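First comes the structure, then the notes that go with it.
Values in this text are rule-based calculations from the coordinates and carry no lab data. Because the structure is predicted, anything quoted here is derived from the model rather than measured. Cβ sites come from the backbone with ideal geometry, for glycine too, and all protein chains shown count toward neighbours.
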Amino acid sequence: MKVAVFGAGYVGLVTGACLADLGHEVVVRDIVEERIDALRGGEVPIHEEGLAQLLERNRERIRFTTEVNAAVEGADVIYVAVGTPPTYSGDADLSAVWTVVDELPEVDRRIVVAMKSTVPVGTGRTVRHRLDDRGLENVGYVSNPEFTAEGTAVHDFMHPDRVVIGAFDPADADVVERLHDGIDAPIIRCDVASAEMIKLAANAALVTRISFINEIANVCEATGADVTTVAQGIGLDHRIGPAFLRAGIGFGGSCFPKDSLALKQLAANSGYSFQLLNAVIEVNELQKRRVIGKLERRLGSLRGKKVALLGLAFKPGTDDMREAPSLVLAGRLLAEGAEVSAWDPVADGRHLDGVDVAGSALEALDGADAAVLVTEWPELRALDWAEAGARMRNRLLVDGRNMLDPVEMRGYGFDYEGIGRAAE
Ligand SMILES: NC(=O)c1ccc[n+]([C@@H]2O[C@H](COP(=O)([O-])OP(=O)(O)OC[C@H]3O[C@@H](n4cnc5c(N)ncnc54)[C@H](O)[C@@H]3O)[C@@H](O)[C@H]2O)c1
């Protein structure tokens with residue numbers, strides 16, 4: 001089939017590359033010329049495991065353009081994978097989605113617009129009206145939300161837990177289902193509003209688990225239990241399961257914070273106060289800030305103290321720093337008068353005002369009064385921690401992801417503190 005993908009970002013590029021790999025002819029359209037030029041030249045503008053190889057392998061079947069008509073010409077399906085960032089009010093900003101819808105040319109055959117961007121429930125209905133108002137009745141609409149996680153997105157796309165297809169017309173759902181031939185996964189076919197809600201509810205369930213285990217961690221800290229053991233103990237219960245039970249310094253990224261806020265606002269706009277989600281969001285905000293308290297308890301005032309942030313990306317395997325806990329930490333530390341150094345193997349922190357971004361983790365640790373492990377990069381597990389300690393002025397280590405072995409770290413002379421782990 002012929003597929004146009006609007007948006008050459010994390011989702012659009014993975015979608016385009018994977019669909020090409022499944023044998024479809026793909027054109028990816030973006031409005032940023034430099035991005036399209038780079039892609040045409042074989043460069044991949046984002047860090048995503050396996051994506052570069054997939055694009056290279058399918059070079060014959062994937063093209064890049066800035067032109068709407070060149071993308072839509074001959075296409076059977078048009079994927080919308082543009083950004084839907086939060087507005088000031090917390091609602092999703094759908095302006096890029098509307099631009100795509102309004103720019104669609106008239107076509108003399110049936111085509112299907114498939115929404116991959118995460119949008120509020122009700123968006124599909126509004127898009128349908130907008131298409132009808134423009135006389136584009138032969139343009140079908142399907143909600144086909146994306147559940148891939150950055151860092152494992154290519155694998156997740158090819159091996160999804162499920163594919164959700166919400167449609168107004170079953171024939172349009174058939175087209176999108178056929179597009180997934182070759183992918184072995186349950187297909188959930190439903191109405192458009194339910195498909196939209198499945199995406200928001202899935203993210204809400206995941207962030208609820210994260211804030212839940214973070215609160216358990218905080219109670220562990222106050223009572224002497226160890227959250228890593230507790231998580232293992234409850235995760236083995238088949239009714240609970242082990243995923244998303246790792247306590248840490250809070251969730252970030254381009255999806256969880258904005259999508260939980262968007263669902264909260266969607267509920268509020270509909271006259272309902274989603275109290276559980278409100279709490280989940282607030283717990284997360286507080287969690288990011290708890291590290292500051294941990295540092296102050298050991299170091300006193302942070303004014304003039306050097307704190308090294310190890311990891312800037314919101315999670316390992318990606319260069320994405322959107323809503324990363326590192327941003328809140330850096331901001332709070334600078335506000336307290338601390339000197340902040342940082343290192344990340346792929347995320348580019350050069351735009352972070354006031355943060356000294358080092359070329360290596362060891363360099364970031366030179367003369368530091370404390371280190372905070374922010375992102376659980378494997379490179380940090382493999383770091384020469386004896387050397388790391390030797391370089392620091394004071395061996396205080398806050399492991400914000402509970403990645404390191406406390407006994408081993410204490411063996412290197414660190415004053416080690418994790419999240420919800422028993423004190424020494
Ligand atoms: N990042 C993820 O892992 C992920 C996972 C699931 C769902 N989503 C959702 O998918 C959507 C896209 O997310 P992303 O992370 O890929 O965003 P992104 O910011 O990385 O990419 C969006 C791209 O769309 C382009 N764009 C804007 N207007 C356009 C237009 N009119 N035509 C063509 N391109 C246009 C932008 O230039 C940008 O390159 C969002 O709604 C997000 O919530 C993201």
Along region 358-368, Karplus-curve 3J(HN,Hα) (6.51, -1.76, 1.60; θ = phi - 60°) to the nearest Hz, with x for Gly and Pro, reads 8, x, 8, 4, 4, 4, 4, 7, 3, x, 6
Enter the angle in degrees (range 0 to 90, nearest 10) between the Cα long axis of helix 275-299 and the first principal axis of the Cα atoms of the chain, meaning the one along which they spread out most.
-> 30 degrees
Taking the chain and counting helices only, DSSP H stretches of n ≥ 4 at -39,500 (n - 2.57) each over all residues, the nearest-500 ellipticity at 222 nm comes to -13000 deg cm²/dmol
If you take the square roots of the eigenvalues of the alpha-carbon gyration tensor of region 226-307 and sort them as a ≥ b ≥ c, do you get rounded (a/c under 1.5), prolate (a/b over b/c) or oblate?
-> oblate
Calculate the radius of gyration of the Cα atoms of region 271-417 to one decimal place, then report Dmax, the largest Cα-Cα distance, as a whole number, both in Å.
-> 15.3, 57
Tell me, rounded to the nearest percent, the portion of alpha carbon pairs in region 202-346 spaced more than 22 Å apart.
-> 48 percent
How big is D for region 68-171, in µm² s⁻¹ as a whole number, if Stokes-Einstein is applied with the Kirkwood radius of its Cα pairs at 37 °C and 0.692 mPa s?
-> 222 µm²/s
Give the shape of region 371-424 as rounded, prolate or oblate, defined through the alpha-carbon gyration tensor: a ≥ b ≥ c are the square roots of its eigenvalues, a/c under 1.5 means rounded, and otherwise the shape is prolate if a/b is larger than b/c and oblate if not.
-> oblate
May I ask you to derive the FRET efficiency for A268 and H351 from their Cβ-Cβ distance with R0 = 45 Å, giving the value to the nearest 0.05?
-> 0.85
Cα pair count fraction exceeding 16 Å, expressed as % - region 45-93 = 63 percent
Provide the percentage of antiparallel DSSP beta bridges, counting only those with both residues in the chain; round to the nearest 5.
-> 10 percent
Using a/c under 1.5 as the rounded threshold, could you call region 1-140 rounded, prolate or oblate? The axes a ≥ b ≥ c are square roots of the C-alpha gyration tensor eigenvalues, and prolate needs a/b larger than b/c, oblate otherwise.
-> oblate
Most fluctuating of P186, P160, P85 in the GNM of the chain (C-alpha, under 10 Å) is P186
Ranked highest first by average number of other Cβ atoms within 10 Å, how do 346-354, 110-118 line up?
-> 110-118, 346-354
Two pseudo-spin positions, 7 Å from Cα along C-beta at D161 and at A185, lie apart in nanometres by 1.1 nm
Enumerate the residues in region 396-413 having an amide nitrogen under 13 Å from the point lying 7 Å beyond the Cα of L236 toward its Cβ.
-> none
On a 0 to 90° scale, report how tilted helix 325-335 is relative to the longest principal axis of the chain, with both axes built from alpha carbons and the result rounded to the nearest 10.
-> 50 degrees
Run down the lysines and flag those whose C-alpha is under 18 Å from the C-alpha of K288, throwing out any fewer than 8 positions away in its chain.
-> K258, K315
Given H placed on each backbone N at 1.01 Å, which residues far from A338 in sequence or on other chains put an amide H within less than 5 Å of it?
-> G304
Using only Cα atoms, figure out Rg for the chain and give it as a multiple of 2.2 N^0.38 Å.
-> 1.06
Taking 0.36 nm per residue of separation and subtracting the Cα-Cα distance, what length does fully extending A222 through A201 add?
-> 4.4 nm
